[in-house]
Amino acid sequence: MNRKSFYLLLSAATAVQFSTPALAKTETTAGVTVEDREFDKNQGAVKSITMEYKRVSDTTTFIVGPQVSERRSPGGRSSELGADATVYQKWSPAFTTRTSIGVSEDNGIQPGVTIAQDLTFKVAKDTTVTVGGRFARWQGTEVEFYSAGLRQYFKGGSVSYTLTRTTPSNSKAFFAHLGNLTLNDGVGKAGKTSIWLSYGGSSESRTPLGASLAGKDAGVTVQRTQPISKTISLVPMVGYSRFAVSSGYLSSFNFGLGLSLKLN
């Protein structure tokens, strides 16, 4: 994807958002996140800056933002510009959809194209089931993902498990597993702590597709949302990932820090 296409996508997504009529209850936030993924065995690092604009109404959540990434390795450096747009739509108290699209220059850091659709059904008072599909293309390799997950809410948080069948165009299919536990600070408080545990190639959303498609990757990520005022929150993140590569295994330590600002 060239830079002209990137700006056209970002402009179109923003135009769609601003064309939506303003509703009585609307919350708007802007944020920026800096992440650093350091690989062992002298394999360099991936650094990224992501900006985000988020608008939440009674039934619709719209998120759009660009990302700039840089891959540093013994062979040199490469940079990449990308953008994502996501829409959550609550059609009824028991049915919600999530639609997203992402594009990048496809220089080997993130997928060149990602398209995803999730359907979430409320099957009990505190239980939801989500099924979905995702398509990604990474430097000529096309990958299809089909997933099913269950989330159980309880007083103070939620726990979930997602099973994903991953089908690359150049290798055999495999299953990926992703578990999540989120603990809220309390009623009326915005702070929360989340942990993700994953096994299987590309089972973590933050994992670049090109890292491995062998189905043997594993990772853990811990993220904290910490309000520091009524309008500002800090979002630190730390994680560890282990990738299966042709020469054995490669590990990475991940660090991130986000800043979120309420605009209204």
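Brief remarks on what is shown
- When region 202-245 is filtered for residues that are modelled with pLDDT under 90, among the polar types (S, T, N, Q), surrounded by 15 or more Cβ atoms within 10 Å (Cβ to Cβ) and within 16 Å of the chain's Cα centre (by Cα), the ones remaining, listed by number, are S202, S203, T207, S241.
- Condition check for G108: in contact with an Asp or Glu (Cβ under 8 Å, 6 or more places away or on another chain), in a loop (DSSP other than H, G, I, E, B) and surrounded by 15 or more Cβ atoms within 10 Å (Cβ to Cβ): yes
- Hits in region 156-175 (condition: out of contact with any Asp or Glu (no Cβ under 8 Å at 6 or more places or on another chain), of a type outside the set (S, T, Y) and farther than 19 Å from T127 by Cβ): R165, N170, K172, A173, F174, F175
- Residue match in region 154-165 (condition: over 30 Å from I232 (Cβ atoms), surrounded by 15 or more Cβ atoms within 10 Å (Cβ to Cβ), under 20 Å from the mean Cα position of the chain (by Cα) and in contact (Cβ under 8 Å) with a residue 60 or more places away in the chain): no
- Per the conditions (1) over 30 Å from I49 (Cβ atoms); (2) part of a loop (DSSP other than H, G, I, E, B), the sole criterion not satisfied by Y153 is (2).
- Residues of region 94-141 satisfying the condition of being touching a residue at least 60 places away in the same chain (Cβ under 8 Å), of a type in the set (G, A, S) and over 18 Å from V68 (Cβ atoms): A136
- All positions within region 25-52 that are within 20 Å of V220 (Cβ to Cβ), β-branched (V, I, T) and modelled with pLDDT under 95: V46
- Some residue of region 35-47 being under 20 Å from R134 (Cβ atoms) and buried (at least 17 other Cβ atoms within 10 Å of the Cβ): no
- Filtered residue count, region 224-264, keeping only those that are part of a loop (DSSP other than H, G, I, E, B), free of Cβ contacts under 8 Å to residues at least 60 places away in the same chain and not polar (S, T, N, Q): 2
- In the condition set (1) surrounded by fewer than 17 Cβ atoms within 10 Å (Cβ to Cβ); (2) part of a strand (DSSP E or B), D58 is compliant with all but (2).
- Per the listing L81, L163, the residue uniquely closer than 24 Å to A218 by Cβ and either part of a strand (DSSP E or B) or modelled with pLDDT of 95 or more (or both) is L163.
- Boolean, V129 is surrounded by fewer than 19 Cβ atoms within 10 Å (Cβ to Cβ), over 16 Å from the mean Cα position of the chain (by Cα), of a type in the set (A, V, I, L, M, F, W, C) and not in a strand (DSSP E or B): no
- Scanning region 132-149 for residues that are farther than 13 Å from T164 by Cα and either under 17 Å from the mean Cα position of the chain (by Cα) or of a type outside the set (D, E, K, R) (or both) yields A136, R137, W138, Q139, G140, T141.
- Taking region 62-93 as the range and being surrounded by fewer than 20 Cβ atoms within 10 Å (Cβ to Cβ), of a type in the set (K, R) and touching a Gly at 6+ places or on another chain (Cβ under 9 Å) as the test, the residues that pass are R72, R77.
The values are calculated or read from the model by the stated rules, or taken from the named source; none is laboratory data. In this text the structure is predicted, and so the values were computed from the model without any measurement. Here Cβ is always computed from backbone atoms with ideal geometry, including for glycine, and neighbour counts include all displayed protein chains.
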